[in-house]
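Everything on this sheet refers to the single structure shown next.
A short reminder: the numbers here are calculations on the coordinates, not readings from a lab. Here the structure is a predicted model, which means the values were calculated and not measured. Backbone-built Cβ (ideal geometry, glycine too); neighbour counts: all protein chains shown.
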Amino acid sequence: MMKFKLFVFIVFIGVIAIVSCKKGNDDAPATPLKTSINFINASSDTINFYVNGTRLNSTAASYPLASTGYLTTPLGEQNYQVKKDRNPNTLFNLVLPVDTGKVYSFFVTDNTSENTFTIVDTLSKVDTLSLIRFVHTSPKLANIKVEVGDTVKFASSSFKSVSKYEHIRPGIKQVKVIDAATGDTLINETRTLQVGRAYTLFTRGGLTATASKATTGTGLIITK
């Protein structure tokens, strides 16, 4: 009987030693890889952005024609949600595969996932003067042309199209959005550009050719 108890005790000690050794060799939990997304609100609503149920723009809501700046988000296929501010109901969900080594711009134009789109941002630095690009974010509007000052002219573009960055001298610039088919000027406003900055110019999501001046306009955000 004593020998049997001694045998059981030795086996028990051996099992504890093996388990302890295994725990000591376990690797630390892997830290999820992350990248950045800039959420641009081209809609007419004040909204918030979520990834897998966690709010990303935690410091303030996103107002129309504004952006959150680049926020950290996990890599891989993620579920993004958009909600109106102070409203728990989700406007829509959008599953995105976020790749390693890339940063993104995420454009919300209305209350649907179909008209929401992302682009990969490739600009690394601003070398001279200023830079500006145009993004067509008005799903109800046909092709348009855009003029910024006397030197930068973006050719006819359709919804979701993104121009390349163009160099432009800083200062006060007249911005015109023109209907490519009729030549009618839909928006005529001024913007101030600073030296050494990169800008993204975009239209309000609900803009239509017959919209009143009170509901038309462009957004201009610094992207670098």
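List of remarks:
- Entries of LYS34/LYS125; LYS102/LYS176; LYS34/LYS145; LYS84/LYS164; LYS125/LYS173; LYS84/LYS173 with Cα pairs more than 25 Å apart: LYS102/LYS176; LYS34/LYS145; LYS84/LYS164; LYS84/LYS173
- Projected label distance in nm at LYS160 and ASP99, using a 7 Å step from Cα toward the beta-carbon: 1.7
- Extension gain, GLU114 back to ASN79 (0.36 nm per residue minus Cα-Cα distance, nm): 11.1 nm
- Cα centroid separation - region 144-176 against region 34-72, whole Å: 25
- DSSP beta bridge pairing in region 31-122, given as percent antiparallel to the nearest 5: 80
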